[in-house]
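**Q** A single structure is presented below for examination.
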Amino acid sequence: MEMKEMEKVYGYVRVSSQTQNLDRQLIAMREYGVPKENIFSDWGFSGKDFNRPAYKEMIAKLKAGDTLVIKSVDRLGRNYDEIIDEWRLITRTKDVAIVVLDMPLLNTTRGIEGVTAKLISAIFLEVLCCFAQLEREKTHERQKEGIAAARARGVRFGAPPKERSQEFFILMEKYRAGEISARRAAEQLGIAHSTFRRWVAEKGNRKWAIK
């Protein structure tokens with residue numbers, strides 16, 4: 001008779017910047033009881049990138065009946081759609097339980113009222129992600145309003161325009177006289193060919209100070 005493979009507990013930890021460390025998440029994994037050899041770590045990978053090597057390796061190892069432990073739900077993705085998609089892949093397609101240590105209600109482990117625990121966790125996750133998405137949208141809208149207000153006050157964003165040197169004016173006159181091509185003039189100035197042509201076209205619309 002073939003023996004059934006034992007169910008395993010895995011942990012996943014990630015930080016998006018190489019200046020951060022994984023210590024807090026690793027301590028939480030050990031305190032929960034995740035075996036050291038079953039902890040998968042991605043260091044310097046953001047939530048928007050699902051080409052994270054350790055995450056992909058872990059997903060491939062997960063089997064029905066296993067449990068995945070994460071410190072916070074944003075380890076699965078950076079927005080509502082991504083988190084929900086990954087949650088469904090893990091809990092439904094792979095039939096793997098998820099434990100989110102920072103959110104006790106997000107716990108689908110068997111033995112906690114079975115199907116009821118999965119249902120409560122799924123509903124709570126969707127509500128949580130909706131609120132998070134709304135907050136991100138509000139933040140983005142506030143940023144847009146702040147930029148618009150700053151522009152109305154005359155604040156200019158972006159790098160200041162390059163000042164035209166005396167060499168530019170000399171080369172521009174040579175270009176207009178047919179003594180040099182626009183491409184050659186641009187090379188001498190160390191700028192793009194299109195930039196030189198734009199500067200020449202703008203000369204009639206703006207007064208440049210010769211430096």
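**Q** What distance in nm separates the two pseudo spin-label positions at Glu57 and Gln133, each 7 Å out from Cα along the beta-carbon direction?
**A** Output for this residue pair reads 3.3 nm.
**Q** By how many nm would the segment from Arg88 to Arg183 grow when fully extended, if each residue of separation counts as 0.36 nm and the alpha-carbon distance is taken off?
**A** 28.6 nm
**Q** Given a Förster distance of 35 angstrom, what is the FRET efficiency for Asp81 paired with Asp23, based on the Cβ-Cβ distance and rounded to 0.05?
**A** The pair Asp81/Asp23 has a calculated efficiency of 0.70.
Values in this text are rule-based calculations from the coordinates and carry no lab data. These figures come from a predicted structure and were not determined experimentally. FYI the Cβ positions are ideal-geometry reconstructions off the backbone, even for glycines, and counts take in every protein chain you see.
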